[in-house]
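Trainee: Just passing along the structure, written as structure tokens.
The values are calculated or read from the model by the stated rules, or taken from the named source; none is laboratory data. Just so it is clear, the structure is predicted and the values come from calculations on it, not from any experiment. Every residue, glycine among them, receives a Cβ derived from its backbone with ideal geometry; neighbour counts consider all protein chains shown. Accessible surface is based on the protein model in full, side chains and every heavy atom, while ligands, DNA and RNA are left aside. Shrake-Rupley method; radii C 1.70, N 1.55, O 1.52, S 1.80 Å.
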Amino acid sequence: METDWNDHERKAIRKIESAVSSPELEDVRVLYLGRKSELALALRGVRDPQTGALLNGIRQRLEAAAEARARALADEELERRLRDEVIDVTLPGEELPLGHLHPITQVRRTVEDAFLGLGYEVRDDREVETLEYNFDKLAFGPTHSARSPRDTFFFDADHVLRTETSPSQIHILEEKPPPIYMVSIGRVYRRDAITATRYPIFHQFEGLAVDRRLTLADLKGTLLHVMRALYGPERRVRFRTHFFPFTEPSIEPDVSCGICGGSGCRTCKFSGWIEMGGAGMVDPEVFENVGLDPEEWSGFAFGCGLERTAQLRHDIPDIRALWEGDLRVLRQF
Ligand code: DAH
């Protein structure tokens, strides 16, 4: 059947003008103007000028229509993208999740601040110690139980993981002459099984003051200052007698319970007081071990656990919480 070219053109124009997207328009264009379109095939078979003029005219008009429609669609699409892809630069940015310091580090910083305020220097020492510094120069007797491999991690016959921060006392006394006011903070190690109250790795802070005419009263005032920095301004401090190899006299300081205010609760075992660690006046033997004259120099020292301090500050019943790295726990402090 003969093609009705006028009808063909009308249909093509209608399709071109109703195309709603560039891909759809391209399909229509291929259908009516492509190399295999009815129009292209007819043009290739043209024998007379009249038909040639008619078909060429149709082709030109269809091409013009397709071009116009393509431009209109491109404009529309640009318009739509400008509308939809608008970026509001005034909107607040996405918030990055921020962590915070571990409770042990928080306590450590509080201790550092409290001592820096008193003019102390802060130091950290080696965690692998010789027996000489961990025990001998601190006047531990030859049969002290801490010297046993059952209590202490040995590397070889001479080297241990330090069992306390007290060796820092010897190091600084050998490094420089008094007066000395220092606090040493770091990890210590003991061969304890892991329980709610013990962990084989923990932290201590160790203070040492060496000067002329220091007394137990200076020690008490210093500890009171630090305990108040850690637990609040209402805290009181008391001493109980005790024994440590490197202090004479030795005492154990207690701080009044910050949870019940001293009236008695579960945390302080209904005594109103909480044990803080060990302390005392530097033993003359320690002075002699580092070549200082005990008649000329006096000093006091103290050592406390950081985990215990963090537990008391935040009422954390189990020490393991501080070592397990469980964010659900740590986020609370
Ligand atoms: N080093 C002792 C301990 O770990 C604590 C201690 C006691 C430290 C008396 C001192 C001190 O500086 O004078 O149990």
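Trainee: When the chain is modelled as a GNM with alpha-carbon springs shorter than 10 Å, which of SER22, SER250, SER263 fluctuates the most?
Mentor: Largest GNM mean-square fluctuation: SER22.
Trainee: Let me ask something else. Taking 7 Å along the Cα-to-C-beta vector as the label spot, tell me the ASP211-GLU175 distance in nanometres, rounded to one decimal.
Mentor: About 2.0 nm, to one decimal.
Trainee: For n ≥ 4 DSSP H runs only, could you compute -39500 (n - 2.57) per run for the chain, divide by its residues and tell me the 222 nm figure to the nearest 500?
Mentor: Working: 11 runs with 132 residues, N = 333.
My calculation for the chain gives -12500 deg cm²/dmol from helical runs alone.
Trainee: Give the residue from ALA139, GLY117, LEU31 lying farthest towards the positive end of the charge dipole for the stretch 1-143; charges sit on Cβ (+1 for Lys and Arg, -1 for Asp and Glu) and the dipole is referred to the Cα centre.
Mentor: Value: LEU31.
Trainee: Give the shape of the stretch 130-288 as rounded, prolate or oblate, defined through the alpha-carbon gyration tensor: a ≥ b ≥ c are the square roots of its eigenvalues, a/c under 1.5 means rounded, and otherwise the shape is prolate if a/b is larger than b/c and oblate if not. Display every interim value, and only then the final one.
Mentor: On the way: a/c = 2.09, a/b = 1.26, b/c = 1.66.
Because a/c hits 1.5 or more and a/b fails to exceed b/c, the stretch 130-288 counts as oblate.
Trainee: For the chain, state the semi-axes of the equivalent ellipsoid (square roots of 5 times the eigenvalues of the alpha-carbon gyration tensor), sorted largest first and rounded to whole angstrom.
Mentor: Values: eigenvalues 1661, 101, 70 Å².
Gyration-tensor ellipsoid for the chain: 91, 23, 19 Å.
Trainee: Sticking with the crude label model, points 7 Å out along Cα→Cβ, report the distance from HIS242 to ARG81 in nm, one decimal please.
Mentor: Here the modelled spin labels are 7.5 nm apart.
Trainee: Placing +1 at every Lys and Arg Cβ and -1 at every Asp and Glu Cβ, with all other atoms neutral, what dipole size does the stretch 45-183 have around its Cα centre, in debye to the nearest 20? Mind showing how you got there, number by number?
Mentor: Details: 17 positive and 27 negative charges, 135 e Å.
Dipole about the Cα centre, nearest 20: 640 debye.
Trainee: Provide GLU275, GLU129, GLU94, GLU252 ordered by accessible surface of protein heavy atoms (probe 1.4 Å), highest first. All intermediate terms of the calculation are to be shown ahead of the outcome.
Mentor: Working: GLU275 100, GLU129 0, GLU94 180, GLU252 30 Å².
Order by accessible area, largest first: GLU94, GLU275, GLU252, GLU129.
Trainee: Still on this structure, I have one more. Kirkwood-based Rg over Rh for the stretch 200-305 (C-alpha set), two decimals? Before the final figure, lay out the partial values.
Mentor: Numbers: Rg = 15.0 Å, Rh = 14.6 Å.
For the stretch 200-305, the value is 1.03.
Trainee: Using a Gaussian network model of the chain whose springs link C-alpha atoms within less than 10 Å, name the residue from PRO284, PRO142, PRO178 with the highest mean-square fluctuation.
Mentor: For the chain, modelled as a Gaussian network with Cα springs under 10 Å, the answer is PRO142.
Trainee: Further, regarding this structure: Quick one: Cα centre-to-centre distance for the stretch 212-247 and the stretch 53-119, in angstrom?
Mentor: 60 Å
Trainee: Next question. Using the heavy atoms of the protein chains alone and a 1.4 angstrom probe, what is the accessible area of the chain per residue in square angstrom? Working shown, then result.
Mentor: Details: 19140 Å² over 333 residues.
Averaged over the residues of the chain, the accessible area is 57 Å².
Trainee: What is the magnitude of the charge dipole of the chain about its Cα centre, with +1 placed on the Cβ of each Lys and Arg, -1 on the Cβ of each Asp and Glu, and no other charges, expressed in debye to the nearest 20? The partial results should precede the final answer.
Mentor: Numbers: 44 positive and 56 negative charges, 230 e Å.
Here the size comes out at about 1100 debye.
Trainee: Take the Cβ-Cβ distance between ASP293 and ASP113 as r, set R0 to 30 Å, and report the resulting FRET efficiency rounded to the nearest 0.05. Display every interim value, and only then the final one.
Mentor: Numbers: r = 34 Å, r/R0 = 1.13.
In this case the efficiency is close to 0.35.
Trainee: Can you send over the carbon and sulfur percentage of the accessible area for the stretch 227-313, probe radius 1.4 Å, protein chains only? Present the calculation step by step, with values, prior to reporting the outcome.
Mentor: On the way: 1850 of 3900 Å².
That fraction is 47 percent.
Trainee: Per the 1.4 Å probe, what fraction of the accessible area of the stretch 39-132, in percent, lies on carbon and sulfur atoms?
Mentor: Working: 3650 of 6810 Å².
Answer for the stretch 39-132: carbon and sulfur cover 54 percent of the accessible area.
Trainee: Roughly speaking, what % of Cα-Cα pairs in the stretch 102-198 are separated by over 16 Å, rounded to a whole number? Walk me through the intermediate numbers first.
Mentor: Values: 2900 of 4656 pairs.
Percentage above 16 Å: 62.
Trainee: Going toward the positive end of the dipole of the stretch 203-274, with +1 on Lys and Arg Cβ and -1 on Asp and Glu Cβ, which of LEU214, GLY258, LEU224 do you reach last?
Mentor: My answer, from the dipole projection, is GLY258.
Trainee: Let me ask something additional. Could you tell me which trypsin sites (Lys or Arg not before Pro) in the stretch 258-319 are loop residues by DSSP with no more than 15 other beta carbons within 10 angstrom of their beta carbon? Can you show the working numbers first?
Mentor: Values: sites: ARG266, LYS269, ARG308, ARG313; in loops: ARG266, LYS269.
Filter output for the stretch 258-319: ARG266, LYS269.
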